[in-house]
2 protein chains.
Amino acid sequence: MEIVGTIEEVRKFVSRAAEAENVIGLVPTMGGLHGGHLSLIDAAHEACGYVVVSIFVNPTQFGPNEDMDRYPRTQEADLDACRAHGVDLVFTPTVEVMYGRGFRTVVNIAELAGALCGRSRPTHFAGVCTVVAKLFNIVGPCKAFFGQKDFQQAVIIRRMVADLNFPVDIVTCPTVRERDGLAASTRNQYLSPEPRGQAAALNAGLRLAAERIRQSHPTAAEVINAIRGHLATAAPGGKVEYVQIVDPLTLRDVEVTEGEVLVALAVKFVGARLIDNILVDSRTAGP
Amino acid sequence: MEIVGTIEEVRKFVSRAAEAENVIGLVPTMGGLHGGHLSLIDAAHEACGYVVVSIFVNPTQFGPNEDMDRYPRTQEADLDACRAHGVDLVFTPTVEVMYGRGFRTVVNIAELAGALCGRSRPTHFAGVCTVVAKLFNIVGPCKAFFGQKDFQQAVIIRRMVADLNFPVDIVTCPTVRERDGLAASTRNQYLSPEPRGQAAALNAGLRLAAERIRQSHPTAAEVINAIRGHLATAAPGGKVEYVQIVDPLTLRDVEVTEGEVLVALAVKFVGARLIDNILVDSRTAGP
């Protein structure tokens, strides 16, 4: 496994691999690798002959009062995990490599970036788009793997790729969950035992909602109230930031739960803000 | 010469040319080809084995009250000129090809896009960045050629390429001028004889300014006043939109004309808004 810190080195190794007729797989991460990331790496391996993982805690996607400084930096464990999962190249640039002198460009999709998590994190998705655009240009034509847990991120990146014609295939992989249903997240480790126990209510609430939608096509407001009720009982330590039911492409609120809808929520516990979502098609029996 | 309208065709021909070890040259245009464009095509030919010209009147770089509808569409003449200058591939997409359903992404560099022409054209450079980002992703690694007449555009695109790591070399070529010094521009043809005669004053004023800067390092205000005085006398039919002296990288106003500065101006005549500029290094004797 190669571990490199410069753009030139990434290009050198990737172009060599591409010349040898490999499909290139890219898994962009901020490190703190967990089961979710590893499932992306495994999916990349299945589809691609050469797998690149980037590890970069991207400052432009954190807001001024967010947790960038205490975001886990677990480089040695991350590299061990990459090795164990057969990664070919790890790109771990410094902030200086990614945002050199005079950096000013922003890639954004205002309509999508302002929805859901964007209401409390107004600059987050512009930071994500910009750094992902850079990674795509650094790596070149590839398949890039993202987790469904960050559904809004995946929608935005798909839109960016389509709009700007990046020669990149976006693959979205299912959310990996802990035993009690909590979506795997680097931030789960911030939770002390009591909120960690309550956090399972996020996924449970979403599953209840999905069941109701498939059974009786209730209004979005009814479903949202039911989820909020569940969270109030099962996760009293969590402060609900949003529970929304939206069109999975436009991220705009829907009023009725017909066809395919995304039920998404964010809840703040002491120590960590958690998100989760479920895609529901009211016309199918579902998983 | 191939003439294609789809992204897939561009990629097919360009990847074939790249596989045959050609450096790819890209000259993005809005058609209405004149001597300036042809000099870019010729420069592309000197540096590259395969030359692509895009012809696309990009709606997102026009403001609501600008001249998009009456912008010259001279496709047959443009194609003839491309043929005569040995272009390999012309890409003439429709608006639908470039901005399909649901298009929402914007690439912008707010600080640079708000300077100079951006004051009266606040959305122009975001439109330019976005369409050029698309063209770079469609064509892939290449050398891309832009004229110095659109100096701000060239600065912004260089910044975008550096910031987002596009695998593209930007080449800026000297402004091509008509016999009386007027910078070649598709919009010159809008001018009736009287304003056309006066329009030569733009370049003359800039050349006078450059001479003064090299001789006596005056303040920017002194130089600007001198240019405005020249325009008032020699181009009374023109309404000065701006005359500015700026740092050629940041586009911020300078107060003293020391080192390398850009003197830039925009003047509105009946029928056409014209721009021009001159790069002056106070430390050298100049051309």
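The values are calculated or read from the model by the stated rules, or taken from the named source; none is laboratory data. Bear in mind the structure is a predicted one, so any value in this text is a computation, not a measurement. Heads up, the Cβs are rebuilt from the backbone with ideal geometry, glycines too, and the neighbour counts pull from every protein chain shown.
Things worth noting here:
Each row is one residue, and each column tells you yes or no for (1) among the small types (Gly, Ala, Ser); (2) in contact with a Phe, Trp or Tyr (Cβ under 9 Å, 6 or more places away or on another chain).
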residue: B:Cys82; (1), (2): no, no
residue: B:Gly100; (1), (2): yes, no
residue: B:Gly114; (1), (2): yes, yes
residue: B:Arg119; (1), (2): no, yes
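- The residues on offer are A:Gly140, A:Gly114, A:Gly127, and the sole one that is surrounded by fewer than 23 Cβ atoms within 10 Å (Cβ to Cβ), at positive phi and either touching a residue at least 40 places away in the same chain (Cβ under 8 Å) or more than 9 Å from chain B (Cβ to nearest Cβ) (or both) is A:Gly140.
- Count - residues of the range B:92-111 that are free of Cβ contacts under 8 Å to residues at least 40 places away in the same chain, closer than 29 Å to B:Leu79 by Cβ and either touching a His at 6+ places or on another chain (Cβ under 7 Å) or not in a loop (DSSP other than H, G, I, E, B) (or both): 2
- Of all residues making up the range B:256-271, the number that are farther than 19 Å from B:Gln148 by Cβ and assigned to a strand (DSSP E or B): 3
- Residue check, B:Asn188 in contact with a strand residue (DSSP E or B) (Cβ under 8 Å, 6 or more places away or on another chain), within 11 Å of another protein chain (Cβ to nearest Cβ), farther than 25 Å from B:Tyr50 by Cβ and at pLDDT 95 or above: no
- Any hit, the range A:129-143, residues being assigned by TED's automatic domain parsing to the domain that holds A:Lys12, in a strand (DSSP E or B) and under 26 Å from B:Phe136 (Cα atoms): yes
- Test result for B:Ala77, within 14 Å of chain A (Cβ to nearest Cβ), more than 18 Å from the chain's Cα centre (by Cα), of a type outside the set (D, E, K, R) and part of a helix (DSSP H, G or I): no
- Residues of the range B:113-128 that turn out to be in contact with a strand residue (DSSP E or B) (Cβ under 8 Å, 6 or more places away or on another chain) and assigned to a helix (DSSP H, G or I), as a count: 5
- Here B:Gly229, B:Gly237, B:Gly147 are screened, and the one residue that is touching a residue at least 40 places away in the same chain (Cβ under 8 Å), assigned by TED's automatic domain parsing to the domain that holds B:Ala266 and not charged (D, E, K, R) is B:Gly237.
- Output for the range B:38-59, where each listed residue is in contact (Cβ under 8 Å) with a residue 40 or more places away in the chain and either crowded, with 19+ Cβ neighbours inside 10 Å or within 14 Å of the chain's Cα centre (by Cα) (or both): B:Leu38, B:Ser39, B:Leu40, B:Ile41, B:Ala43, B:Ala44, B:Cys48, B:Val52, B:Ser54, B:Phe56, B:Asn58
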